[in-house]
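What follows is a set of notes on a single structure, which appears directly below.
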Amino acid sequence: MKANYGYADGSGEYFITIDTDVCDGCGECARVCPSSLFEVAPDDYDQVVARVKEKLTRSVGVLCPGYERCRDKVPDCHAVCRVGAISHSW
Amino acid sequence: MITAGVDVGSLSGKAVVLDDNRLVSWGLVPTGPDSAETAKEAMDIALQKGNLSLDRIEFVVSTGYGRVVVPFAQRNVTEISCHAKGANYFFPGARTILDMGGQDCKAIRCDANGKVVNFAMNDKCAAGAGRSMEVMADLLQIPLDEIGPRSLQLDQGEVAVSSTCTVFAKSEVLAHVRQGAPTNDILAGLCAALASRVYGLLRRVGIEPEFVISGGIGKNVGVVTRVEQKVGLEANICFEPQIVGAVGAAIFARDTLVKQKKPAAAR
Amino acid sequence: MVTIGVDAGSLTTKVVVLEGTAVLSRSSLHSSTRDAGGKGIEEALRSAGIGRERVKEIVATGIGRNEVAQATSAATEIVCDARGGRFLAPSAATIMDIGAESSRVIKCDQAGRVADFVLNDKCAAGTGVFLEAMGKALRVPVSEMGSLSLKSTQEVNITAMCVVFAESEVVSQIHRRVAKEDILNGIHKSIATRLYGMVNRVGIVKNVVAVGGLARNAGVVRWLEELIGAEVFVPEFPEYAGAVGAALIAADRSQS
């Protein structure tokens, strides 16, 4: 499953996509994200995978500066994901 | 095997009783200040219509905004998964689903079993939800249910509304009114704008036949027609689009129960 | 040398008369006024006691910059905000302009050049429109909202950033008889969160300066400081930053 967490508003589209078909639930993204956007939990089909915390989906565009801008600061969520499950729309 | 699904949304609470695969009954109530109470009210109506009591229900799954506070549910499942399952129940060929209510918009792609393959949801911005239409109906003093039909009866031609944000679009609409633009033409522009926003969300998840629409937006022919044109597919809309999520929850309840019973039987 | 900067914003048109690096006078008019730019220039010149013939150059900025007939040239809001912000606070590295219908965050390098910026004029969240709508729902004048919010004793969360959704949330809080001050505090947190997102996008670099009309709102500034984790400096007359920047650019242009 491709899970798109985020929103679109007048200022643009802000979606973080997690491909749960490849995610192995290792939790590295949750560990490195400076805004603590991610968590690992069983989904509706009992697969343990990463997801954006439900309470934060409406503010991903505020809490996450966007992939390009985060990359030069910290070990980012894309870099630590061995299977390449995470992508950003901005 | 009798199971139930309860969908506590921001505007209405829905409950559905399912006997194996047969839809027994359902209840629909407006959401009150207490989500647990709303869930109980909807459930009571469904039970009454089905001549059942709660102890006959073997498993209950809750979904929707208030899903975690339903006291008589044994499991909760997200709206996304329930909508896919529910759409699959009514239309087994369903692959692309659009659900739009007052507060949010969901685009879902699912497989032949009603399992979600791709989804995107927008509940942050009013412009991407039915709420924007309520604001405009209020602004133009037009009943909400007239917007769709009137938007299809053009006077001179569609008046484009370029602002996405509902607040900025309001000023734009007022300016058009002052310049004497016919109301129907403005409504056409508003429906077209909402349709293109919805289409953006659908394109993100990918579009595949068959196409299903659920939620309150299904009642606005102006938006539905324009979404169909953009998608290039005719939309399936079931007889009661508001209970799709609750039906999906009841199916999740049945599937969970079957799974639980299996190891017990093997023992 | 005397120059003038005109900032034709969506709500108000601000004019600044500058001699060298000294602000001689300011004027402010509703942008809906007929020839607001021209009238504002006259008014500002009158209060400075300076004749029109001494003015070398007039630079206009803001959304209505191309409608100011008296201007000799125009400049973007970003450039003017950066210039004006650095003039009012010379050590500023991050300049946020919170206006009536738009907001901007600009990152400057050490020389004061624009290194990066984020602009929002497409979503009413994080602009004055948001506060105005909430003030209407609560029946509190916009000018009093900030100070009243500081009297809050209980934290109330307004989870929506969207103006339309936040309005319903505020109305339901009113029905639940939540104290006005507490609702106002939640409102200010919401708008500050949206603005923080813009600062976060360009990367937080100290020192942070807030300009624009909403910088006068103590509730917004308090929450910004809390979210950013640093002091946010607000200069005197923050709403004139763009006009000051335009006047400074006018001086540059008349010299070259």
Taking segment B:164-213, the whole-percent share of alpha-carbon pairs separated by over 19 angstrom is 41
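What FRET efficiency comes out for residue C:255 versus residue C:150 if R0 is 45 angstrom and r is the Cβ-Cβ distance? Round to the nearest 0.05.
The value I calculate is 0.50.
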Can you give me the C-alpha center-to-center distance between segment C:51-69 and segment C:1-38, rounded to a whole angstrom? 8
Would you mind checking which residues have amide H under 5 Å from residue C:211's amide H? H placed 1.01 Å from N; only 5 or more apart, or other chain. C:96, C:97, C:98
Inter-chain shielding metric for C:157-170, i.e. average beta-carbon neighbours from other chains within 10 angstrom, reads 5
Simple spin-label model, 7 Å along Cα-to-Cβ: residue C:35 to residue A:67 in nm? 5.5
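Find how much the distance from residue B:260 to residue B:58 grows on full extension, using 0.36 nm per residue of separation minus their present alpha carbon separation; answer in nm with one decimal.
Values: separation 202, 0.36 × 202 = 72.72 nm, distance 1.17 nm.
Extra length from residue B:260 to residue B:58 when fully extended: 71.6 nm.
Starting from the Cα-Cα distance between residue B:142 and residue B:37, subtract it from 0.36 nm times their residue separation and give me the gain in nm to one decimal.
Details: separation 105, 0.36 × 105 = 37.80 nm, distance 3.32 nm.
Going from the current span to full extension adds 34.5 nm.
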Taking Cα atoms only, helix C:241-255 is inclined relative to the longest principal axis of chain C by an angle, in degrees rounded to 10, of 20
Note on the protein assembly as shown, DSSP bridge orientation, antiparallel percent to nearest 5 equals 70
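Using a 10 Å cut-off on Cβ to Cβ distances, tally the other chain neighbours for every residue of B:104-110 and report the average as a whole number. Don't skip to the end; give the middle numbers.
Details: counts 2, 2, 0, 1, 0, 2, 1.
Across B:104-110, the average partner-chain Cβ count within 10 Å equals 1.
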Estimated inter-spin distance, residue B:179 and residue B:208, nm [label 7 Å along Cα→Cβ]: 4.4
How would you order B:34-40, C:236-242 from highest to lowest mean count of nearby Cβ atoms within 10 Å? C:236-242, B:34-40
Pop out the ³J(HN,Hα) list for segment A:54-64 in order, Karplus 6.51 cos²θ - 1.76 cosθ + 1.60 with θ = phi - 60°, rounded to Hz; leave Gly and Pro as x. 4, 5, 9, 4, 7, 10, 4, x, 8, 7, 9
Could you please state, rounded to a whole Å, how far the C-alpha centre of segment C:131-161 is from the C-alpha centre of segment A:30-90? 32
Full-stretch length increase - residue C:53, residue C:76 - with 0.36 nm per residue and alpha-carbon distance subtracted: 5.7 nm
Provide the packing ranking of C:130-143, A:9-22, i.e. peptides ordered by the mean count of other C-beta atoms within 10 Å per residue, highest first. A:9-22, C:130-143
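Would you mind getting the Kirkwood hydrodynamic radius of segment B:1-99 from its Cα pairs, rounded to one decimal in Å?
Working: mean 1/r = 0.0745 Å⁻¹.
The Cα-based Kirkwood calculation yields 13.4 Å.
Could you tell me what a quarter of the Cα convex hull surface of segment A:2-88 works out to, in nm² with one decimal place?
Values: hull surface 21.2 nm².
Orientation-averaged projected area of the Cα hull: 5.3 nm².
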State the Cα centre-to-centre distance between segment B:1-79 and segment C:233-256 in whole Å. 62
Which FRET efficiency, nearest 0.05, do residue C:42 and residue A:79 yield, Cβ-Cβ r, R0 41 Å? 0.10
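Roughly how compact is chain C, stated as its Cα Rg over 2.2 N^0.38 Å to two decimals? Provide the component values of the computation, followed by the final result.
Working: Rg = 18.6 Å, N = 256, 2.2 N^0.38 = 18.1 Å.
Its radius of gyration relative to the 2.2 N^0.38 Å reference: 1.03.
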Angle between chain C longest axis and helix C:77-88 axis [Cα atoms, degrees, rounded to 10]: 90
Viscosity 1.306 mPa s, temperature 10 °C: give me the Stokes-Einstein translational D for segment C:207-254 in µm²/s, with Rh taken as the Kirkwood radius over C-alpha pairs. 135
Calculate how many DSSP beta bridges within segment C:1-141 are antiparallel, expressed in % of all such bridges and rounded to the nearest 5. 75
In peptide A:8-21, what is the residue-averaged number of other protein chain Cβ atoms found within 10 Å of each Cβ? 6
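So for the protein assembly as shown, considering every pair of alpha-carbon atoms, how many percent are separated by more than 31 Å? If you can, show how the numbers build up before the last one.
Values: 107004 of 187578 pairs.
Pairs farther apart than 31 Å: 57 percent.
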Between helix C:163-175 and chain C: long-axis angle, C-alpha atoms, 0 to 90°, nearest 10: 40
Counting other C-beta atoms within 10 Å, which of C:55, B:68, B:117 has the fewest, and how do the rest follow? B:68, B:117, C:55
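Considering all alpha-carbon pairs of segment B:94-237, what whole percent are spaced by more than 27 angstrom?
Details: 1997 of 10296 pairs.
Looking at segment B:94-237, the distances longer than 27 Å represent 19 percent of pairs.
Could you list, in their original order, any pairs among B:14/B:230; B:170/C:136; A:2/B:262; C:122/C:151 whose Cα atoms are separated by more than 22 Å?
Going by Cα-Cα distance, B:14/B:230; A:2/B:262; C:122/C:151 fall outside the 22 Å limit.
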In order through segment B:234-241: 3J(HN,Hα) via Karplus (6.51 cos²θ - 1.76 cosθ + 1.60), integer Hz, x for Gly, Pro: 7, 8, 8, 10, 6, 5, 9, x
Mind computing the radius of gyration and Dmax over the alpha-carbon atoms of chain B? Å is fine for both. 19.9, 77
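Bear in mind these aren't lab numbers, they're just calculated from the coordinates by the rules spelled out. All values derive from a computational prediction rather than experimental measurement. Neighbour counts are summed over all protein chains in view; Cβ atoms, including those assigned to glycine, are modelled from backbone coordinates with ideal geometry.
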